[in-house]
1. Right, A174: in a loop (DSSP other than H, G, I, E, B) and open to solvent by 30 Å² or more (accessible area, probe 1.4 Å) or not?
2. Residues to consider are L166, L125, L152, L148; find the one that is free of Cβ contacts under 8 Å to residues at least 40 places away in the same chain, under 17 Å from D19 (Cβ atoms) and not acidic (D, E).
3. Select, from E3, E33, the only residue that is on the phi < 0 side of the Ramachandran plot, at pLDDT below 95 and of a type in the set (D, E, K, R).
4. Just to verify a result, which residue in the stretch 49-77, among those that are within 15 Å of the chain's Cα centre (by Cα) and open to solvent by 20 Å² or more (accessible area, probe 1.4 Å), is farthest from F15 (Cα to Cα)?
5. Given the residues R135, R110, R117, which is the only one that is basic (K, R), open to solvent by 20 Å² or more (accessible area, probe 1.4 Å) and under 14 Å from the mean Cα position of the chain (by Cα)?
6. Residues being more than 20 Å from E173 (Cα to Cα), of a type outside the set (K, R) and assigned to a helix (DSSP H, G or I): count how many of those fall in the stretch 120-162.
Amino acid sequence: MPESPSSQPPRPALFLDRDGVLNEDHGYVSRWEDFRWIPGAREAVAAFNRAGWLVIVVTNQSGVGRGFYTEDAVRVLHARMAEDLATVGAHIDAFYYAPQHPEAPVDAYRHPDPPLRKPNPGMILQALADWPIDRDASLLIGDKPSDLEAALRAGIKGVLFEGGDLRQFLADEALLPT
């Protein structure tokens, strides 16, 4: 039986927003057919994997609460991402997503200030509770100010990615592990 994550020694985590950081954000991406990797994203994930970091996706998915797609569609897309990453020797340790939105027409997903939805730090805090993470050595890469605010509120360093090649960006910022 494998060790539970909490019984392992703490290690740094790379927290990644999904849309706009790992994949092109062209609005409510929920199907593999519409998914396109950001250049260098798979290679960046593989580099952090090789360096022994946990890699964790934290993504707002208000399209669920808005009724555009289901939580099952999110899980299926994440599974396809994982399969594709495996082809380059990379993996995501965990996917966390927030389907809630203050104006969601779907009652079950409407919340005035969803604790999981960035800029709130709920997804990051949940990952910190679920995994043996060295908070001080960890990093979040996001493409919106709300991502960086969530990182700040969770006590994690946040870096704004404004597009381009993710691996090259991380290398240029001296954040890519060697």
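1. Taking the combined requirement at face value, the residue satisfies it.
2. L148
3. On inspection, the qualifying residue turns out to be E3.
4. Filtering the stretch 49-77 for residues that are within 15 Å of the chain's Cα centre (by Cα) and open to solvent by 20 Å² or more (accessible area, probe 1.4 Å), the one farthest from F15 (Cα to Cα) comes out as R75.
5. When all the criteria are applied, what remains is R117.
6. Of the residues in that region, 12 qualify.
Results for (1) open to solvent by 10 Å² or more (accessible area, probe 1.4 Å); (2) in contact with a helix residue (DSSP H, G or I) (Cβ under 8 Å, 6 or more places away or on another chain); (3) closer than 20 Å to I92 by Cβ, shown as yes or no for each residue.
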site: M123; (1), (2), (3): no, yes, yes
site: S146; (1), (2), (3): yes, no, no
site: L160; (1), (2), (3): yes, yes, no
site: T178; (1), (2), (3): yes, no, no
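The values are calculated or read from the model by the stated rules, or taken from the named source; none is laboratory data. Everything numeric here is computed off the predicted structure, so don't read it as measured data. Please note: Cβ atoms are built from the backbone with ideal geometry, for glycine as well, and neighbour counts cover all protein chains shown. SASA here: full protein model, heavy atoms, side chains in, ligands and nucleic acids out. Shrake-Rupley method; radii C 1.70, N 1.55, O 1.52, S 1.80 Å.
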